[in-house]
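Encoded as structure tokens, the structure appears first; notes follow it.
The values are calculated or read from the model by the stated rules, or taken from the named source; none is laboratory data. Everything numeric here is computed off the predicted structure, so don't read it as measured data. Backbone-built Cβ (ideal geometry, glycine too); neighbour counts: all protein chains shown. With ligands, DNA and RNA removed, areas are computed over all heavy atoms of the protein, side chains included. Shrake-Rupley method; radii C 1.70, N 1.55, O 1.52, S 1.80 Å.
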Amino acid sequence: MARLLQIFGFLSVLFRGATLTFQSLVVGGVVFLIFVLRRANVEADALKPVCLRWIRRAAFALAAMQIAYVLANSLILMQSAGISLAEVSGASFVLAGVLGILSAFTILALAGPRHSNGYADLLLPAAAIIASSVITSHAMARLEYRLPLVAFTALHQGATAAWLGGLPYLLIAIRRTSSSDFARQLSARFSQLALLSVAVLASAGLALSFAYVGSFQALYGTSYGAMVATKVLLFGLLLLLGALNFQLVRRGPASAILASLKRFGEAEIGIGVTVIFTAASLTSLPPAADLARDRVSGTEIFARMAPRPPRFASPAMQELPEDIYAAQKKAFESGSLSTESYVPGQAGTRPNTPAEKAWSEYNHHWAGIIVLAIGLLALIAQAGNLSWARNWPLIFLGLSVFLFLRSDPEVWPLGPNGFWVTLADPEVLLHRFFVLLVIVLAVFEWRVQTGRVAPGSARLIFPVLVAVSGALLLTHSHSLGNIKEEVLAELSHIPLAILAVTAGWSRWLELRLPGENQMRNVAARLWPLCFTLIGVLLLNYREM
Ligand code: HEM
């Protein structure tokens, strides 16, 4: 339980993101069934059982996620705030959870095969699922304009579900139907629904941003504002993919377009889920409009981001302060720390010392050199004139060794804190997880690039890992004990995350798009370029 306390902030964003994703899949499936598949023709009837099956699966996953979230959150509250189960059960997140669980089970019960009537009765539990999410959104906690904000939040989430939650059902339908003309008809119907949803989503999003951000200065000067701007940028990327798909649906014979439409649809779903997780991270932050003080100014951002020579030498180990968690644990065990200020598994937060910041900059700059080399070599390899350049993934192994030895100087193997302390500190654990991720990335992609892996799903591991790393970077927040420092850290991580998400899904498109699609060549150049830019940004990463 103590370990869980420490990472629960991050876990609760992942819970919320997964809940919003399954919510979108359930509601999107119901909308697709009623408004896109519609009624009775042979092809549509043939597709209903598979859509109903996936709606039931999404409803089950949603109920399971809600149950896990309500239980974990209640345990955390009872443990850390010492309140009783009776008191917890009256909390809004429990009421919202119960409504979500009951509505998901209702859909699970109702979404079965039927011979005659349509499925309009599924709309009520679907609306209740959206309501269960709106209950715990910022709108419900507002004293002013609560009703319009609740309405905009519901419209925003409903439109998200109809568009991004419905898209997987379109891809399933296109794959399953035997008639390519019917597939084309379905795509045209879905495009109209998507267009309407995008318009509702964007206008409701703008209204919410106006209320919760409120000024341009708050957009770049607060973490909340920066996350909204990130969503708008990723939304732009989605619109670009959506426009390419819309173009495809309107021209050319059905058979030729369906292959590309499926691939663009896959990338749209991937980026869409990333935006939903970004939204979950956004609502875990206080609205920018409520933070009138401690906003970062343009001058402070410029001072932090202005290009400076990178730092390739680390500060001496002696300059680093003792790890705060280890120090507190030792003091508690030696009896020199009072019980009420020591919470098992919870490290106090204090601003990082200049030596710790210098060490972090040193880590990012070395990682920058390595990623820049990877990006440039991958560009050369894609240009196809130097075959040895195809071994570029092996450079990632250098990055993993560097991160393992240097990302957390206070712990094993080079630091004073032993191996077991490594497993206790979530930040070190996250870094070690990244080291493993980089090694898997290197081995898999080297085998793909050098033709040791037959064309197939194994080649997709690299793009998925890169895209997931970008999404994780967007969902984890920094507790630095200083609001301005947290905003500046967010502003330096967001471009890295967006480039990683773009690199992952453009590599996916390069591997999945049919050969004759010109966008394949664009995608093949885009991801190495993103890696190169990530390298350049890391070389200028600053914490002071
Ligand atoms: C693909 C595009 C988008 C998706 C999938 C999306 C999805 C979501 C979701 C699911 C939420 C609710 C989060 C929660 O309650 O935890 C949300 C909230 C929000 N979205 Fe979006 N959104 C998108 C685009 C936008 C755009 C373009 C804007 C601004 C113009 C925007 C502004 C907001 C704001 C301000 C909130 C926060 C509401 C709050 O704090 O409760 N979103 N978004």
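A few notes on this one:
- Ranked by how many other beta carbons lie within 10 Å on average, peptides 57-63, 448-454 from highest: 57-63, 448-454
- Approximate shape of the stretch 429-473 as ellipsoid semi-axes (Cα gyration tensor, √5λ), whole Å, largest first: 22, 12, 6
- Size of charge dipole - the stretch 393-542 - debye, nearest 20, with Cβ of Lys, Arg +1 and Asp, Glu -1, no other charges: 620
- Accessible-area value, S180, 1.4 Å probe, nucleic acids and ligands omitted, Å²: 50
- The protection proxy used here, the mean number of other Cβ atoms lying within 10 Å of each residue, ranks peptides 188-194, 210-216 as follows, highest first: 188-194, 210-216.
- Accessible-area order (highest first, 1.4 angstrom probe) of the listed residues T353, T299: T299, T353
- Rounded accessible area per residue of the stretch 2-212, 1.4 Å, Å²: 46
- Under 15 Å of direct C-alpha separation, and excluding same-chain neighbours fewer than eight residues apart, K231 reaches these aspartates and glutamates: E268, E490.
- Taking only protein heavy atoms and a 1.4 Å probe, the accessible area of the stretch 2-212 is 69% carbon and sulfur.
- Accessible area expressed per residue, the stretch 353-539, with surrounding protein chains retained (probe 1.4 Å, Å²): 42
- Heavy-atom accessible surface of the stretch 353-539: percent carbon and sulfur, 1.4 Å: 70
- Volume per residue of the C-alpha convex hull in the stretch 353-539, rounded to whole Å³: 123
- The listed residues V50, V536 rank as V536, V50 when sorted by accessible area, largest first, using a 1.4 Å probe.
- Ellipticity at 222 nm from helices only: DSSP H runs of n ≥ 4 in the chain, each -39500 (n - 2.57), divided by the residue count, give -24000 deg cm²/dmol.
- Burial ranking of peptide ranges 463-473, 496-506 (average Cβ count within 10 Å, highest at the top): 496-506, 463-473
- Relative contact order of the chain, defined on C-alpha pairs under 8 angstrom at six or more residues apart (%): 17
- For the chain, projected area of the alpha-carbon convex hull averaged over all directions, nm²: 27.2
- Along its three principal directions, the equivalent ellipsoid of the stretch 24-75 from the Cα gyration tensor extends over semi-axes of 31, 9, 5 Å, largest first.
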